[in-house]
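To start, the structure under review is shown below, and the notes come after it.
The values are calculated or read from the model by the stated rules, or taken from the named source; none is laboratory data. For clarity, every value in this text was computed on a predicted model and none was experimentally measured. Virtual Cβ from ideal backbone geometry, glycine too; neighbours counted across all protein chains shown. For the accessible areas, the whole protein counts, side chains as well, though only heavy atoms, and no ligand, DNA or RNA atoms are used. Shrake-Rupley method; radii C 1.70, N 1.55, O 1.52, S 1.80 Å.
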Amino acid sequence: MEIKLTKEFITLGQALKAASLVGSGSEAKMVIQDGYVKVNGEVETRRGKKLYPGDKVEFEDDLIEVIS
């Protein structure tokens, strides 16, 4: 799945919501803080982490690629 940026970056929480992998910001916060989300292969626990083109996000069996 790809997310096309309309600004310079998107935050991790926004990306999960945009990809419909979570239903709300609070759900995104919980799965991120609990260590279920990886950015570029590393566990990321900050929902405000800025994502740029080329970044890859893994959650459960889904992969999101950020494109420009």
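If you go through the stretch 1-16 and keep only what is open to solvent by less than 100 Å² (accessible area, probe 1.4 Å) and either out of contact with any Gly (no Cβ under 6 Å at 6 or more places or on another chain) or part of a helix (DSSP H, G or I) (or both), you end up with ILE3, LEU5, PHE9, ILE10, LEU12, GLY13, GLN14, ALA15, LEU16.
Within the stretch 29-68, take every residue that is of a type outside the set (A, V, I, L, M) and assigned to a strand (DSSP E or B) and give me the one that is most open to solvent (accessible area, probe 1.4 Å). Of everything passing the filter in the stretch 29-68, GLU42 is most open to solvent (accessible area, probe 1.4 Å).
The single condition among (1) modelled with pLDDT under 95; (2) open to solvent by less than 30 Å² (accessible area, probe 1.4 Å); (3) in contact with a Leu (Cβ under 7 Å, 6 or more places away or on another chain) that GLY25 does not meet is (3).
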